[in-house]
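In what follows, a single structure is set out as structure tokens and then discussed.
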2 protein chains.
Amino acid sequence: MVADPLSRVFSALADPTRRDIVARLAVGDATVNELAAPYDVTVQAVSKHLKVLEDAGLVSRSREAQRRPVHLEANVFDLMTRWIERYRQQAEERYRRLDDVLRAMPDDVAPHPPTDAAPTPIPQEGTPS
Amino acid sequence: MVADPLSRVFSALADPTRRDIVARLAVGDATVNELAAPYDVTVQAVSKHLKVLEDAGLVSRSREAQRRPVHLEANVFDLMTRWIERYRQQAEERYRRLDDVLRAMPDDVAPHPPTDAAPTPIPQEGTPS
DNA sequence: GCCATAGTCAACCGTTCGGTTGAAGAAGCG
DNA sequence: CGCTTCTTCAACCGAACGGTTGACTATGGC
């Protein structure tokens with residue numbers, strides 16, 4: 001896959017099995033076989049899932065004899081958290097302001113959902129700010 | 001699609017165009033045509049993207065004459081945030097504890113990555129707590 | 001060297017995804 | 001009513017996804 005980092009992280013976590021793997025790795029490192037055990041899919045399938053998680057930077061694998069312990073990389077979560085928080089706060093801020101406007105407005109002028117939309121400057125995510 | 005809510009939200013945001021739409025909606029509501037303008041894909045394609053975002057609960061659409069203003073639903077972001085924070089903190093806590101153990105250990109006993117993995121009780125995400 | 005164990009690579013298969021074109025709904029305007 | 005505008009539905013297409021089976025690589029123990 002050649003997608004941007006954020007897309008890789010989000011789509012890696014879009015699969016319930018992969019989220020479950022992440023959840024279990026939060027408790028402690030594990031080998032591929034250990035990770036595969038609970039699911040009724042082949043080890044190869046789990047190996048693929050781990051590759052997806054690794055490409056997203058969510059896990060890393062070392063070597064230890066024949067085993068390849070899988071390790072959760074917590075820091076990549078920040079990438080998501082930052083993205084999410086930015087737009088959540090922005091949206092909530094907008095509601096707060098809208099509330100103020102409506103409250104300050106004489107009742108007989110208050111309109112229905114005021115469609116404040118406009119050809120916005122298109123905040124591009126590549127240049128966040 | 002019949003996936004679980006969390007999967008829907010994550011995979012909705014796994015697409016850069018859809019994330020950009022969310023980013024622009026954080027500034028203010030907009031119609032399908034307005035949203036479609038900046039991209040060089042057809043309006044139908046954007047309409048599909050909006051359907052995905054709507055199914056994930058990230059946006060809602062009202063009606064206003066022929067227009068269907070699209071509105072960002074900020075509260076659904078919390079679902080993600082909660083999931084992310086749980087495992088991020090869990091993982092960080094684990095590192096902290098591991099650090100303590102290593103610090104408290106006489107140097108000549110300190111092992112390599114201790115592979116503390118085990119057939120963990122599998123914390124299932126359906127029953128988070 | 002030989003064999004068992006742990007994991008990955010490669011090819012294939014059905015389904016989903018993001019996109020297209022073309023037609024159809026829904027609502028305002030002359 | 002007929003026409004234009006905004007939006008969605010339907011069918012299709014190629015690429016990617018999640019899974020399988022089978023062969024291969026890598027390491028350790030005897």
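Every read-out reported here was derived from the displayed coordinates using simple, explicitly stated rules and does not represent laboratory data. On a predicted model such as this, the values are computed, not experimentally measured, just so you know. Cβ atoms come from the backbone with ideal geometry, glycine included; neighbour counts cover every protein chain shown.
Annotations
- Scan region A:63-84 for residues that are in contact with a Ser or Thr (Cβ under 8 Å, 6 or more places away or on another chain) and within 15 Å of DNA strand C (Cβ to nearest atom) and the total you get is 6.
- The set of residues in region A:20-30 that are within 13 Å of DNA strand D (Cβ to nearest atom) and surrounded by fewer than 20 Cβ atoms within 10 Å (Cβ to Cβ) contains only A:D20.
- Enumeration of residues in region B:61-75 that are away from every other protein chain (no Cβ under 11 Å) and not charged (D, E, K, R): B:Q66
- If you filter region A:16-62 down to residues that are among the polar types (S, T, N, Q) and within 12 Å of DNA strand C (Cβ to nearest atom), you find that the one that is farthest from A:L79 (Cα to Cα) is A:T42.
- Positions within region B:46-74 being near DNA strand D (Cβ under 10 Å from one of its atoms) and more than 16 Å from B:L13 (Cα to Cα), in sequence order: B:R61, B:R63, B:E64, B:A65, B:Q66, B:R67, B:R68, B:P69, B:V70
- Lone qualifier among A:D55, A:D15, A:D29, A:D78 - being more than 9 Å from every other protein chain (Cβ to nearest Cβ) and either of a type outside the set (G, A, S) or in contact with a strand residue (DSSP E or B) (Cβ under 8 Å, 6 or more places away or on another chain) (or both): A:D55
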